[in-house]
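Undergrad: Below are the structure tokens for one structure; questions will follow.
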Amino acid sequence: MNLLINKDREFYSYKGINNIQENEIKVLNFLEKNLDLNWSFYLHPYLNGLKPDLILLNEFKEIVIIRFTNKQDYFYKEWDHLRLIKREIENVYCPSLWDENSIPLSHDPEEWNMYQSLFKPVIRLCIASPDQDTKSIEEEFFNKEEQYQKLSDQAKKYYVAISEDTIKNNSIEQVFPHTFSKSKYMNGEIAKELRYWLLPPKEIFKGTRKNDYALETLREEKLDKEQTVISTTKTESGYRKIIGPAGSGKTLCLASKSVNSIKKGKSVLFVTFNRSLVPYLMLNVFKFMKHDEEFLRHENPGNIFFDHFHNIRGKLKLLVGEDAFRKEEKSKIFSDEEEEIEDIKVLKIIEEIKLQKPERLSGYQFDVILLDEFQDWNLSKFNLVKSLLKKNGEIYIAGDPTQDVYAKGARNWFEKGLQGTGMVGRPRELKTSYRVPHEFLPLVTKFLSEFLVEQGNLIPEELQTDLLRECKYKWYQVSNEGASNAMVLKIIRFISKSNDKKLNINNLLFLSDTNISGAKILIELFKEKICEDIKHTYPWPLKAYAEKGYQKVKNWDENQWENKKEESLRKKYRSGFFINTNAMKASTIESFKGLESNLIILQIDGKRGKEPDSQYHSRVYTGLTRLKMGINGACHIFVVCSDSKFKNYGDQWSKPPEKPIMTY
């Protein structure tokens, strides 16, 4: 049977035209005959390791995820696989799929449950079995499917099938009831976000958004000698530890290693602990892909799977039979002890599967595993991810013990906590800070020497650069938290009205002291319409609060804020926190770790509860070291501090630090 695809249709076959099965050709020809050219076809896309069979995308209508039956190379059942892909698209890949303005202000259970499923209804799930009649498909995949039977009649319309008689009778409207009508929910922004994950990298490089973050994807990254050795060589054991201060290129080493690995046809898992870092990992990998001629010429490279730890554990739970994805994400935050018990439980089951039925894990084993921000990990989490490594594979870990904002005891963890895991020997150390501007580095070093001297910290070495740059820094010491919020608002208002092109509000990163202080400030910004769109990681629907309940919300005390906190919102916001989005960003430092900006407001209001000094100081240090030099040759950081313990240190910001002697 011949494949009949219009040459003008956007059609991608990721395994090649010669690897399309006959049942797939039957369905593709049926779709080609009945769908206009606004529909794009993506056959066998990698989609960050989810590997759907076929995705149809139309920015005016909807997204269709199709799974063919009787596939032998899957470790997820049909509906589990489709629901998993749908969930990832909603929660990670397409943040525009849900509308904050629709979130209720009350916590009435019925009203909240309505919100929980209120993603824009634009994703249709489809079982395709072109050699099976409709009745038998319904009996096998619909009537016995418990989750499907619980759906409302309206929701069931988004669960469809393509059968033998569907194709024979040319019944496209039975599959897609809205085939010939325009959706009021689907739009170009949603389609653009999904294409970012669907398209092959070579296609993505053809266009980027016009702001300082997106332009980073165009810049070629040059590695120094030590970084090159790390990213191009393999140790005898295949295991490697990397440590280095902020801005020393740890993530770049891992990104380069990932591209070098897939050029050899290897499969790579690139994972971090923090969910908001996943798009940033992807961005760094794309930098190397774009400027690597060997990769661009490669016809069949390996694949890279980007993820964060909690998502990996959830997928493994689904694989072993405990469906973590059938429940909504409105869940409590687990303690470290509870997390460790869960990790060990899942690992035990995975190890049993590897011994008894290793084929079940065939699609979730990797030649190379790269773990970033390793100071945030612990032994149980490391061992769980390590279980996904193929025999004779490579595993790299990279981190900075000085950025121990979760108080994991990172220095001891790096040196002693890995005993028995195969991570032997001393780590490779990166010493030069390439990100932190050299004009600002003396103040960072001063902070380390005054407040983190007992932690055995990594002191970044200065990089000599040219003088044709502008690095401005200002410390505002205020009396209390109220004054702190007022000063932050004043600075943001100033930036929003500034005609200085170096002060672009869309490049602004606001690092709040707490979720609550950040939320209070953003509500004011939304109310004043200073920023129509702000990407943030706070666990409340702040834009909705500003528009629907401002008078009530502005008088909330801390307990009321805590009682209204929604863990599900925190996860959704952090998953959709794309650093290259053209909008102001706001976050706590814990949710922004590893990322960077050339325009920062950092808020410091004191220790949180029983937080130890070392953790508090690490948090401040991590915030200071998010500063980078912009591609326009300028950077700005404003610190607003209400904690008197840093007053003497802050006073030094008014005096120009001693600059290194420049050599040429």
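The values are calculated or read from the model by the stated rules, or taken from the named source; none is laboratory data. Worth saying up front: this structure is predicted, and the values here are computed from it rather than measured. Neighbour counts are summed over all protein chains in view; Cβ atoms, including those assigned to glycine, are modelled from backbone coordinates with ideal geometry. All accessible areas refer to the heavy atoms of the entire protein, side chains included, with ligands and DNA or RNA removed. Shrake-Rupley method; radii C 1.70, N 1.55, O 1.52, S 1.80 Å.
Undergrad: Looking at ILE162, ILE230, which one is modelled with pLDDT of 90 or more, open to solvent by less than 80 Å² (accessible area, probe 1.4 Å) and part of a helix (DSSP H, G or I)? Break it down into steps so the answer makes sense when it comes.
TA: Values: ILE162 fails: part of a helix (DSSP H, G or I).
Being modelled with pLDDT of 90 or more, open to solvent by less than 80 Å² (accessible area, probe 1.4 Å) and part of a helix (DSSP H, G or I) holds for just one of ILE162, ILE230, which is ILE230.
Undergrad: Looking at region 619-639, I want the residues that are on the phi > 0 side of the Ramachandran plot and have a partner that is surrounded by fewer than 21 Cβ atoms within 10 Å (Cβ to Cβ) with Cβ atoms under 7 Å, at least 6 apart or on another chain. Which pairs are those?
TA: Listed by first residue and then by second, the contacts come to GLY633/LEU468; GLY633/ARG469; GLY633/GLU470.
Undergrad: Could you please let me know if LYS315 is touching a strand residue (DSSP E or B) at 6+ places or on another chain (Cβ under 9 Å), modelled with pLDDT of 85 or more and not aliphatic (A, V, I, L, M)? Step through it out loud before you land on a result.
TA: Details: touching a strand residue (DSSP E or B) at 6+ places or on another chain (Cβ under 9 Å): yes; modelled with pLDDT of 85 or more: no; not aliphatic (A, V, I, L, M): yes.
Taking the combined requirement at face value, the residue does not satisfy it.
Undergrad: Quick test of your reading of the structure: LYS552 fulfils all but one of (1) under 25 Å from CYS641 (Cα atoms); (2) assigned to a helix (DSSP H, G or I). Name the failing condition by number.
TA: Condition (1) is where LYS552 drops out.
Each row is one residue, and each column tells you yes or no for (1) under 11 Å from ASP513 (Cβ atoms); (2) buried (at least 22 other Cβ atoms within 10 Å of the Cβ).
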{"residue": "LEU602", "(1), (2)": "yes, yes"}
{"residue": "ASP613", "(1), (2)": "no, no"}
{"residue": "ALA634", "(1), (2)": "no, no"}
{"residue": "ILE637", "(1), (2)": "no, yes"}
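Undergrad: Right, something else. Where in region 346-457 are there helices (runs of 4 or more DSSP H), lying wholly inside it, with at least 1 residues that are open to solvent by 30 Å² or more (accessible area, probe 1.4 Å) and either among the hydrophobic types (A, V, I, L, M, F, W, C) or at pLDDT 90 or above (or both)?
TA: Working: elements: 379-386, 410-415, 441-451.
Those helices (runs of 4 or more DSSP H) span 379-386, 441-451.
Undergrad: Is there any pair with a first residue in region 160-172 that is farther than 14 Å from THR69 by Cβ and a second that is among the acidic types (Asp, Glu) whose Cβ atoms are under 7 Å apart and which are 6 or more apart or on different chains, and what are they?
TA: Short answer, once both residue conditions are applied: ASP165/ASP133.
Undergrad: Does region 197-212 contain at least one residue that is under 24 Å from SER433 (Cα atoms), out of contact with any Leu (no Cβ under 6 Å at 6 or more places or on another chain) and at pLDDT 80 or above? Quick ask: steps written out before the conclusion?
TA: So in region 197-212, the residues under 24 Å from SER433 (Cα atoms) come out as 212.
Filter once more, so that each one left must be out of contact with any Leu (no Cβ under 6 Å at 6 or more places or on another chain): 212.
Within this subset, residues satisfying the condition of being at pLDDT 80 or above are none.
Checking region 197-212: not a single residue is under 24 Å from SER433 (Cα atoms), out of contact with any Leu (no Cβ under 6 Å at 6 or more places or on another chain) and at pLDDT 80 or above.
Undergrad: Which of the residues spanning region 476-512 are assigned to a strand (DSSP E or B) and within 31 Å of the chain's Cα centre (by Cα)? Before the answer, list the steps.
TA: Just the residues of region 476-512 that are assigned to a strand (DSSP E or B), to begin with: 476-477, 508-512.
Answer for region 476-512, where residues must be assigned to a strand (DSSP E or B) and within 31 Å of the chain's Cα centre (by Cα): LEU508, LEU509, PHE510, LEU511, SER512.
Undergrad: Out of region 8-31, which residues are surrounded by 15 or more Cβ atoms within 10 Å (Cβ to Cβ), under 31 Å from the mean Cα position of the chain (by Cα), without any contact (Cβ under 8 Å) to a residue 60 or more places away in the chain and closer than 23 Å to SER129 by Cβ?
TA: PHE11, SER13
Undergrad: Filter region 244-256 down to the residues that are closer than 21 Å to PHE382 by Cα and either part of a loop (DSSP other than H, G, I, E, B) or open to solvent by less than 10 Å² (accessible area, probe 1.4 Å) (or both) and list them by number.
TA: GLY244, CYS253, LEU254, ALA255
Undergrad: Among the candidates ILE601, ILE579, single out the residue that is modelled with pLDDT of 85 or more, under 23 Å from the mean Cα position of the chain (by Cα) and closer than 25 Å to TYR434 by Cα.
TA: Details: ILE579 fails: modelled with pLDDT of 85 or more.
From the options ILE601, ILE579, the qualifying one is ILE601.
Undergrad: Just to check your reading of the model, which residue among ASN34, ASN48 is over 26 Å from the mean Cα position of the chain (by Cα) and of a type outside the set (Gly, Ala, Ser)?
TA: Working: ASN48 fails: over 26 Å from the mean Cα position of the chain (by Cα).
The match here is ASN34.
Undergrad: Further question: Among the numbered criteria (1) open to solvent by less than 40 Å² (accessible area, probe 1.4 Å); (2) part of a loop (DSSP other than H, G, I, E, B), which one does ILE516 miss?
TA: (2)
Undergrad: Could you run through region 36-58 and say how many residues are out of contact with any Asp or Glu (no Cβ under 9 Å at 6 or more places or on another chain) and farther than 17 Å from LEU198 by Cβ?
TA: Residues that pass the stated criteria total 1.
Undergrad: Every residue in region 458-477 that is open to solvent by less than 60 Å² (accessible area, probe 1.4 Å), in contact with a helix residue (DSSP H, G or I) (Cβ under 7 Å, 6 or more places away or on another chain) and at pLDDT below 80, please.
TA: Those that are open to solvent by less than 60 Å² (accessible area, probe 1.4 Å), in contact with a helix residue (DSSP H, G or I) (Cβ under 7 Å, 6 or more places away or on another chain) and at pLDDT below 80: LEU458, PRO460.
Undergrad: Between a residue in region 292-307 that is under 23 Å from ILE85 (Cβ atoms) and open to solvent by less than 100 Å² (accessible area, probe 1.4 Å) and any residue that is in a loop (DSSP other than H, G, I, E, B) and at pLDDT below 90, which pairs come within a Cβ distance under 7 Å, given they are 6 or more apart or on different chains?
TA: Note: pairs meeting the criteria are ASN303/TYR46.
Undergrad: Now for a different question. Any residue at all in region 535-542 that is in contact with a strand residue (DSSP E or B) (Cβ under 7 Å, 6 or more places away or on another chain), within 21 Å of SER276 (Cβ to Cβ) and surrounded by fewer than 23 Cβ atoms within 10 Å (Cβ to Cβ)?
TA: Scanning region 535-542 turns up at least one residue that is in contact with a strand residue (DSSP E or B) (Cβ under 7 Å, 6 or more places away or on another chain), within 21 Å of SER276 (Cβ to Cβ) and surrounded by fewer than 23 Cβ atoms within 10 Å (Cβ to Cβ).
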